[in-house]
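Some notes on the structure that comes next.
The values are calculated or read from the model by the stated rules, or taken from the named source; none is laboratory data. Worth saying up front: this structure is predicted, and the values here are computed from it rather than measured. Every residue, glycine among them, receives a Cβ derived from its backbone with ideal geometry; neighbour counts consider all protein chains shown. These area figures cover heavy atoms from the full protein model, side chains too; ligands, DNA and RNA do not enter into them. Shrake-Rupley method; radii C 1.70, N 1.55, O 1.52, S 1.80 Å.
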Amino acid sequence: MTTVRPAAVAGMFYPSDPAELQTMLAEYLGDMHGHASPHDTGVPKAIVVPHAGYIYSGPVAASAYGLLNPARDIINRVVLLGPSHRVPLHGLAASHATHFTTPLGDIALDPDAMEQLLSLPQVKTLDSAHAQEHSLEVHLPFLQMLLSDFKLIPLVVGDASPEEVAEVLDRVWGDKHTLIVISSDLSHYHDYNSAKQLDNQTCQAIEQMTPERIGYEQACGRNPLNGLLTIAKRRGLTVTTLDLRNSGDTAGPRDQVVGYGAWAFTEH
């Protein structure tokens, strides 16, 4: 039986018209196609990308997504973790859905992997956590544009320790065919200069893989982010900062800004 989680924020965070959406994504990704990016890190094992409306954070997210182009036919599974904005929960929330949909079409979930994760005590099925959550959904059109065919493992992260998240990631780490995507914005609603200072500190903590230095004030997705940093350090990954800006740089005023960053993690 097919159960579809419909797009909840199409027409708000990104265009609901497929042609308009593809055009916008192509513009953001345009500088990345056909040549090496300025950060020629190779195809990443994991990326950290922001989840605001596309006009605000789309260009920052594209700096990471553009690195996936050489792996269009290699990556066939995406593990996607983002914070819960609407439903308080302990642990990580899976979905009963068999497919997630966007204006660009349906994406099948990986039922075997989802079943495997549900054997962990910190993972449970909670459809309400997914129903209106934008932190996962906004990444799906980017993935649909860049990958030929892939299955999705979507998890909304609530109150979970870095070790609990790292255990989940370890369970579905896979090989070169599996990509991990962590969704997180940075600081919220500070003035421009204060935000830059705070986000620079967060960037340094990510580069040094010191999750204990990242609190909720610095990253709304700090729980999935800190889980990735924990396992990335353990596995010896290399992290590269791709972009670090805020809404005052992209499409908003500078009195109250939201910070955005993009990072790539590569295996040796």
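Spread over its residues, the convex hull of the C-alpha atoms of region 144-268 is 116 Å³ per residue. Per residue, the chain exposes 41 Å² of accessible surface when a 1.4 Å probe is rolled over the protein heavy atoms with every protein chain present.
The aspartates and glutamates whose alpha-carbon is closer than 14 Å to the alpha-carbon of Lys233, local same-chain residues fewer than 8 away aside, are Glu163, Glu167, Asp170, Glu207, Glu212, Glu267.
For the chain, complete DSSP H runs whose alpha carbons reach 15 Å or more along their own long axis and whose mean Kyte-Doolittle score is 0.0 or higher are 18-29, 54-65. Springs between Cα atoms under 10 Å define the GNM used for the chain, and in it the highest mean-square fluctuation of Val49, Val181, Val87 occurs at Val87. Here is the list for region 92-201: trypsin sites (Lys or Arg not before Pro) lying in DSSP coil, each with at most 15 other C-beta atoms within 10 angstrom of its C-beta, are Lys176. What is the list of residues in region 140-180 whose amide nitrogen lies under 15 Å from a point 7 angstrom out from the Cα of Arg234, following Cα to Cβ? What the label zone holds, given the 15 Å backbone N cut-off, is 161-174. Available extension along the chain between Ile55 and Ala108 is 16.4 nm, counting 0.36 nm per residue and deducting the alpha carbon span. The ellipsoid that matches the Cα gyration tensor of region 52-160 has semi-axes, each √(5λ) in whole angstrom, of 23, 17, 12, with the longest given first. The stretch between Leu120 and Asp17, if pulled fully straight at 0.36 nm per residue, gains 33.2 nm over its current Cα-Cα span.
Shown is the FRET efficiency for Gln197 and His85, computed with R0 = 30 Å from the Cβ-Cβ distance and rounded to the nearest 0.05: 0.75.
Within straight-line reach of Lys151, meaning a Cα separation under 19 Å, sit the following lysines at least 8 residues removed in sequence or on another chain: Lys45, Lys176. Near the amide H of His190, within less than 5 Å, lie the amide hydrogens of Val257, all on another chain or at least 5 residues away, with H placed in the peptide plane. Amide H to amide H, with H built 1.01 Å from N, Asp185 comes under 5 Å of His51, Cys220, Gly221, counting only residues 5 or more places away or on other chains. Remark: region 87-101, residue by residue, has Karplus-estimated 3J(HN,Hα) of 10, x, 7, 9, x, 10, 9, 8, 10, 6, 4, 8, 9, 10, 10 Hz, where x stands for each Gly or Pro and the curve is 6.51 cos²θ - 1.76 cosθ + 1.60 at θ = phi - 60°. Ligands, DNA and RNA left out, the 1.4 Å accessible surface of region 132-171 is 39% carbon and sulfur atoms.
Across region 249-256, coupling constants 3J(HN,Hα) worked out from phi with the 6.51/-1.76/1.60 Karplus curve, θ = phi - 60°, read 8, 9, 8, x, x, 10, 7, 9 Hz, and Gly and Pro carry x. Its residue count N fixes a reference of 2.2 N^0.38 Å for the chain, and the Cα radius of gyration divided by that reference is 0.91.
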